[in-house]
1. Please tell me if GLN354 is touching a helix residue (DSSP H, G or I) at 6+ places or on another chain (Cβ under 9 Å), under 21 Å from MET495 (Cβ atoms), of a type in the set (S, T, N, Q) and touching a residue at least 24 places away in the same chain (Cβ under 8 Å).
2. Consider region 456-470. How many of its residues are under 22 Å from ALA353 (Cβ atoms), of a type outside the set (S, T, N, Q) and touching a strand residue (DSSP E or B) at 6+ places or on another chain (Cβ under 7 Å)?
3. Which ranges mark the helices (runs of 4 or more DSSP H) fully within region 423-511 that have 2 or more residues being farther than 15 Å from SER378 by Cα and among the hydroxyl-bearing types (Ser, Thr, Tyr)?
4. How many residues are out of contact with any Ser or Thr (no Cβ under 7 Å at 6 or more places or on another chain) and aliphatic (A, V, I, L, M) if we restrict to region 508-533?
5. Can you tell which of VAL231, VAL203, VAL280 is under 29 Å from ASN330 (Cβ atoms), of a type outside the set (Asp, Glu) and either assigned by TED's automatic domain parsing to the domain that holds ALA315 or under 23 Å from the mean Cα position of the chain (by Cα) (or both)?
6. Within region 358-389, restricting attention to residues that are buried (at least 23 other Cβ atoms within 10 Å of the Cβ) and among the hydroxyl-bearing types (Ser, Thr, Tyr), which residue is nearest to ILE432 (Cα to Cα)?
7. Being surrounded by fewer than 21 Cβ atoms within 10 Å (Cβ to Cβ) and over 19 Å from LEU672 (Cβ atoms) is the filter; apply it to region 579-590 and report the residue that is modelled with the lowest pLDDT.
Amino acid sequence: MSIFRLSPRGWLGGYFKAPFQLGCLLVLVDVLIFFISWPSALILAAFLLVYFLILIYIFGNHKTMLDRELIRFSEGFGLVQGRLMDTMDMPYALLDTGGRFVWMNQAFCRVVHKNPDYSKSVTTLFPSIQKDQLPPDEREVQFKADFESESYILRMARQPMTEAGRSSSFFEYTDQDALITLCLVDNTAVNLALQEVDDQSLVVGFIYIDNYEEAVDTLDDVRKSVLVALVDRLVSKHIAACDGISSKAEKDKYLIILRKKSLLQMQEDHFPLIEEAKNVHIGNQISITLSIGIGLGGLSYAQNYEFARNAIDVALGRGGDQVVVKTPDNITYYGGKTQQVEKSTKVRARVKAQALREIISSRDTVYIMGHRLGDPDSFGAAIGVYRIARTLKKRAHIIINEKTSSIRQILTLFENNPEYEEDLIIDSQTAIESVTENSVLVVVDVNRPSITECPELLKMCKSVVVLDHHRKGTEVIENPTLSYIEPYASSACEMVTELIQYIGDTVRMTSAEADAIYGGIVVDTDNFVNRTGVRTFEAAAFLRRSGADVTRIRKLFREDAADYKARADVVSQAEIYRGVFALSVCPSEGLTSPTVVGAQAANQMLNIKGVRASFVFTPYQDQIFISARSIDDVNVQRVMEHLGGGGHMTIAGCQMKEISIEEAKSVLKKTLDSMIEEGELS
């Protein structure tokens, strides 16, 4: 019957069908009563007949009116609901499954400055939201996006379309099976508050005078006091101008506290205090240079303080005259344009020598290693440490995996030599298998763990000693028992020679050992031309007295005709970039040690008039080795650090993988351009 096909559905439809369902139940009850008392059943049947007639009358005559009232209510409710959505303050919009706008309320229109009939893709307003990021189901997704100067959180969810929704005149798109809701939550105030809190966070730093003793050494007491006062005033004035405070901890050390906002401004200005300090003169022959270490971003003030201590150690280890900013995730460098002055005092060398003696004396075996593809400096320094260990009656082994051509001739002095043990030189695998808890590892001529001969050994030895003359970078050997890094030293061999002199009078080197160490100094200084100081010649004099012979050493370092010719070709094919940078390529075919030839060619290209820095690209062992050299005013260490390498201010290098020569050249040129634009290179 048509009267039972009521328009209302769901819970409301069940509510109107309930009287008929109860009437059917009463019919069943009447049948049961018939078997008990048929007169009673007849009475109940009469009642049921009247009941059903009344229901039929009511639903038959009022069905149209009931449908009309329900439809009127639904339309009125939908109109109110739509009006509320359209006028509410929360920016709200609907998208189709392709990300195009279907509808947006007035608040959304005001935010995006569009009309309600705007139907383009959401990416036109919020480019960070891509089509493949639209929600695939009813789970809500959130995105952060900026529109003009405001920041918003975009909340999106997919809503299936019902039959009523598809048939409603509210939507123009009737072919969609779902819609995507988009709600904008203004996050600008929260971001500003968080930024303000971040700007006000505490920054701790140290300022050290690098060359205090050297600068005041030639001054009388009056001028010395005036110079110190001028530096104090400069530091205090500069920090106060940044809304910070400074306190003098020692005669050449300051503790500073700043707000992060002030530090950001100092970073934008590239820390002018570094350059201003060099202009302080009161008769001092050596300009004052400062090192600054800053720590921020820690979970506590104590952690920021520790970051600052680490940062100032790195700044001093890199040669001073620079700023190091350390955060939990990164280290940033500024400055470093001045060549560090050689220290005249050897007090530090004597202290380090005594510490090294105590460490080795307490261990039973000494393992010594340098960097991969060892050179005369790393091997000579290793031989020096070997002699110290043998003097202290300890077993010692030098770890070398690949005997490069640059050290092959020197190795002949020790291989098959009855004065030395057969296991003097071992490979990394042998070292790993034989190392014990009571062993000490001495790392020479390198402070980056990834390029040592055996990085695994650094974790296996509880006691690690680092002796190096390269500036510290971001990657360093962590927590060494003893660290002696002097960037002003010409070579690791020079440093080891000084240590030998302070270990004790019982150290007696053989002529082969003296030749090896002297040869390391000769190679790293390019025959005493580069980075040499008074202490370099003092070390060379000591080695000569110990039996080093210049003629024998010269014979050891004579090179093949092919290497000589290749170096000449590299220099002749040099490309001059921006008028001051020489770039060339060293081929590896036919050369026993192409990286050494490339480094030598880079040195020679500095003799070209007008060249301030040279870079040689050498393809070798599926990598591109870059040797960088400069005379004085270009910090090639900073250039190489941008490419993942490091070194000294005038001698540096890096290794690049999975890249061609032309691509490596392009990367270097872009790096040079960027550093010139940012003022890092002048």
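1. yes
2. 7
3. Passing ranges, in order: 428-434.
4. So the count comes out to 5.
5. VAL203 is the lone residue from the list that is under 29 Å from ASN330 (Cβ atoms), of a type outside the set (Asp, Glu) and either assigned by TED's automatic domain parsing to the domain that holds ALA315 or under 23 Å from the mean Cα position of the chain (by Cα) (or both).
6. TYR367
7. Checked region 579-590; the qualifying residue modelled with the lowest pLDDT is GLY590.
Per-residue answers, yes or no, for (1) over 25 Å from ALA315 (Cα atoms); (2) without any contact (Cβ under 8 Å) to a residue 40 or more places away in the chain; (3) part of a strand (DSSP E or B):
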| residue | (1), (2), (3) |
| --- | --- |
| VAL611 | yes, yes, no |
| PHE617 | yes, no, yes |
| PHE625 | yes, yes, yes |
| ALA628 | no, yes, yes |
| ARG638 | no, no, no |
| GLU641 | no, no, no |
| MET649 | no, no, no |
| GLY653 | no, no, yes |
| MET656 | yes, yes, yes |
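The values are calculated or read from the model by the stated rules, or taken from the named source; none is laboratory data. Note that this is a predicted model, so its numbers are computed, not measured. Reconstructed Cβ throughout: ideal geometry from the backbone, glycine too, with neighbour counts over all protein chains shown.
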